[in-house]
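One structure is given below, encoded as structure tokens.
The values are calculated or read from the model by the stated rules, or taken from the named source; none is laboratory data. The structure presented is a predicted model; accordingly, all values stated were derived computationally and were not measured. Neighbour counts run over all protein chains shown; Cβ positions are idealised from the backbone, glycine included. Accessible surface is based on the protein model in full, side chains and every heavy atom, while ligands, DNA and RNA are left aside. Shrake-Rupley method; radii C 1.70, N 1.55, O 1.52, S 1.80 Å.
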Amino acid sequence: MTRETVFTYGAPALKFGPGAADEIGYDLQQYDARRVLVVTDPGVAATGHPDRVAEQIRSFGLEAVVADIAHVEPTDESLEAAIDFARSNGPWDAFVAVGGGSAIDTAKAVNLLTSNAGELMDYVNLPVGKGTAPAKPLKPFVAVPTTTGTGSESTTICVLDVLEQKVKTGISHPRLRPTLAVVDPRLTLTQPAEVTAAAGMDILCHALESYTARPYDSFEAKRPEQRVPYCGSNPIADMWSEKAMSLLAGSFRQAVRHGEDERARGEMALAATFAGLGFGNAGVHIPHANAYPIAGRVKNFHPAGYPEGEPMVPHGMAVALTAPEAFRFTFDASPDRHVRAAELLAPGAGRPDDLRDFLPGVLTELMRDVALPNGIGEVGYTEADVDDLVEGTMKQQRLLATAPREVSEEDAAAILRASLELW
Ligand SMILES: NC(=O)c1ccc[n+]([C@@H]2O[C@H](COP(=O)([O-])OP(=O)(O)OC[C@H]3O[C@@H](n4cnc5c(N)ncnc54)[C@H](O)[C@@H]3O)[C@@H](O)[C@H]2O)c1
Ligand SMILES: [Zn+2]
């Protein structure tokens, strides 16, 4: 095999800092936009942030319509409804998303399907959808995160739950990446503690998974047209991931317990952005692959802090619950990186006798402190569900390809079984 020698790096333009969200009208004027759709969800709409952003856009003489059309953790149905709304009330010159990953991903799908012909499932990743690449460029899109988590403002992905197939998957193409990310930590002050905890674990796993991902130069050499956004761990993504971990070490617990602390909120916003800039290029692996069936096959778990009604395991929670055991499994692929990550996350912590236990121990302690459930058992799964979950994990081959070790069905089952109860 000829080994890869090249890696790629992509990122949106970025504006960061308290007050950054007060400049979006000016930014949109630079793109020659006149009619702008501001996409949000009802929970974020209730904070007043989207209305304030729209008002500010209008003060530059632009038309701005706020639509709370995003569903928390989007589904094919919710995205189709949002696309219908945008198609029948368009045309739009630009899109703004104000919200967490759910609103930002909804706006990505709306932008894609108001700029390109066809239906949602045409663009959804194979084998669930047709995996078609968008033929035409998308409209300018400003992403304004209100959670500190997904990094969706930096990435090329839209995640959705395909209800009939009970599977979470995505649409992934460089054209989906926002034109501009506006990260204003002030908007995150109203984020509920439980959302801060789950979304914070998402940051942590983005950083850890991209840091421990299979190195870009261990893959077979690609031709230019074969390059994918996720190219494996590489020196640029590593730098973002390491810094994200240090920021989390200083501020994660504080942001959950004292959400009004602007310093902690600012550092969490930076950590989310840094991790997004890293994993958006390197990729994620086993915990994210497990998260899709854990979230997709939920029975009747209702997390505090999220909308009532339908059961859900929020993305960050679903990712975190198998992370300690996944990193025990990947330890042998890069012991130094696993130890370094543990030390970045818990500076000054003593090393255990068996270094394999170091990172899992640091993670479970953190999860207890931010009040995450104690394993997948607590969100409703039992031993009897493991085979079913494994089947869902094995469908995420795009993610498992970035894992630093090959993952067999038996390996996935062992990780899930050991994650039923973590402490
Ligand atoms: N595209 C990507 O790169 C990417 C990466 C990771 C996850 N995701 C997806 O993102 C989604 C999760 O996004 P998330 O974790 O950011 O949460 P979210 O957008 O689902 O929001 C969670 C809850 O918090 C509320 N909320 C958000 N911000 C708030 C604020 N400032 N004040 C008060 N309430 C607020 C929302 O109304 C909602 O009820 C999932 O669908 C996940 O699959 C996407
Ligand atoms: Zn994630």
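May I ask for the Kirkwood hydrodynamic radius of the range 169-315, worked out over all distinct Cα pairs and given in angstroms to one decimal?
Computed over Cα pairs of the range 169-315, the Kirkwood hydrodynamic radius comes out at 16.6 Å.
I need the shape label for the range 270-349. Rule: rounded when a/c is under 1.5, else prolate if a/b > b/c, else oblate, with a, b, c from the alpha carbon gyration tensor.
It comes out prolate by the Cα gyration axes.
Counting only protein heavy atoms, what percent of the accessible surface of the chain is carbon or sulfur at a 1.4 Å probe?
Here it works out to 50 percent.
Accessible area per residue, 1.4 Å probe, Å², for the range 339-405: what's the number?
Here the per-residue accessible area is 46 Å².
Using each residue's phi in the range 88-97, evaluate 6.51 cos²θ - 1.76 cosθ + 1.60 at θ = phi - 60° and report the 3J(HN,Hα) Karplus result to the nearest Hz, with x for Gly and Pro.
Result, rounded to whole Hz: 7, 10, x, x, 10, 8, 7, 10, 10, 10.
May I ask you to evaluate 6.51 cos²θ - 1.76 cosθ + 1.60, the Karplus curve with θ = phi - 60°, for each residue of the range 63-72 and list the ³J(HN,Hα) values in order in whole Hz, giving x for glycine and proline?
8, 10, 10, 8, 10, 8, 9, 8, 9, 5
May I ask you to derive the FRET efficiency for THR132 and ALA384 from their Cβ-Cβ distance with R0 = 35 Å, giving the value to the nearest 0.05?
It comes to 0.35.
List every residue whose amide H lies under 5 Å from the amide H of VAL66, counting only residues 5 or more places away in sequence or on a different chain, with H placed 1.01 Å from N in the peptide plane.
Hits under the 5 Å cutoff: VAL38.
Give the separation of the Cα centroids, the range 169-234 to the range 367-423, in Å.
Rounded to whole Å, the Cα centres lie 20 Å apart.
Using 20 Å bins from zero, what percent of all Cα-Cα pairs in the chain falls into each bin?
Percent of pairs per bin, in order: 29, 61, 11, 0.
Out of residues 5 or more away from THR75 or on other chains, whose amide H comes under 5 Å of its own, with H placed 1.01 Å from N in the peptide plane?
For THR75, the qualifying residues are ASP161.
Between ARG34 and ALA333, what FRET efficiency comes out of the Förster formula 1/(1 + (r/R0)^6) with R0 = 60 Å and r the beta carbon distance, rounded to 0.05?
So the FRET efficiency works out to roughly 0.70.
Report the net charge of residues surrounding GLU409, where surrounding means a beta-carbon distance below 10 angstrom and charges are Lys +1, Arg +1, Asp -1, Glu -1. It would help to have the intermediate numbers written out before the result.
Values: positive: none; negative: ASP387, GLU391, GLU410, ASP411.
Once positives and negatives cancel, what remains is -4.
Multiplying the sequence separation of GLU262 and PHE16 by 0.36 nm and subtracting their Cα-Cα distance, what value in nm do you get?
Contour length minus the Cα-Cα distance gives 87.1 nm.
Hey, what did the range 27-183 get for relative contact order, percent, Cα under 8 Å, at least 6 apart?
Normalised by residue count, the contact order of the range 27-183 is 23 percent.
Could you calculate the contour length gain from ARG52 to ILE236, that is, 0.36 nm times the residue separation minus the distance between their Cα atoms, to one decimal place in nm?
62.7 nm
Considering only VAL284, VAL110, VAL339, give the residue with the highest GNM mean-square fluctuation for the chain, with springs between Cα atoms whenever their separation is below 10 Å.
Comparing VAL284, VAL110, VAL339 in the GNM, the peak value goes to VAL339.
When the chain is fully extended, how far beyond the present Cα-Cα distance does ARG3 get from SER88, taking 0.36 nm per residue of separation?
On the way: separation 85, 0.36 × 85 = 30.60 nm, distance 4.92 nm.
Gain on extension, ARG3 to SER88, equals 25.7 nm.
Counting DSSP beta bridges with both partners in the range 111-247, what percentage is antiparallel, nearest 5? Provide the component values of the computation, followed by the final result.
Details: 6 of 9 bridges.
Of those bridges, close to 65 percent are antiparallel.
Below 14 angstrom from the Cβ of ARG340, what's the summed charge of the other residues (Lys, Arg +1; Asp, Glu -1)?
-1
Given the C-alpha centroids of the range 1-45 and the range 82-153, what is the distance between them in whole angstrom?
One Cα centre to the other: 13 Å.
Over the chain, calculate the relative contact order: mean separation of alpha carbon pairs under 8 Å at least 6 apart, over the residue count, as a percent.
RCO, the chain: 15 percent.
Under the Karplus relation 6.51 cos²θ - 1.76 cosθ + 1.60, θ = phi - 60°, what is the ordered set of whole-Hz ³J(HN,Hα) values for the range 4-12, x standing for Gly and Pro?
Coupling constants for the range 4-12: 5, 10, 10, 10, 10, 9, x, 7, x Hz.
When the helices in the chain are scored as -39500 (n - 2.57) per DSSP H run of 4 or longer and the sum is shared across all residues, what 222 nm value do you end up with, to the nearest 500 deg cm²/dmol?
Value at 222 nm, helices only, nearest 500: -13500 deg cm²/dmol.
Around TYR230, what is the net charge, scoring Lys/Arg as +1 and Asp/Glu as -1 over all other residues with Cβ under 11 Å from its Cβ? If you can, show how the numbers build up before the last one.
Values: positive: ARG214, ARG227, ARG398; negative: GLU209.
Counting the neighbours of TYR230, the net charge comes to +2.
With the contact rule set at Cα under 8 Å and sequence spacing of 6 or more, what percent relative contact order holds for the range 160-239?
24 percent.
What residues have an amide H closer than 5 Å to that of GLY170, excluding those fewer than 5 places away on the same chain, when H is modeled at 1.01 Å from N in the peptide plane?
ASN125, LEU160
For a quick check, take a GNM of the chain with Cα springs below 10 Å and name the residue from GLY131, GLY170, GLY200 with the largest mean-square fluctuation.
Looking only at GLY131, GLY170, GLY200, the biggest GNM fluctuation is shown by GLY131.
Given the options GLY151, GLY280, GLY61, state which has the largest fluctuation in a GNM of the chain using a 10 Å cut-off (strictly under) for Cα springs.
Looking only at GLY151, GLY280, GLY61, the largest GNM fluctuation is found for GLY61.
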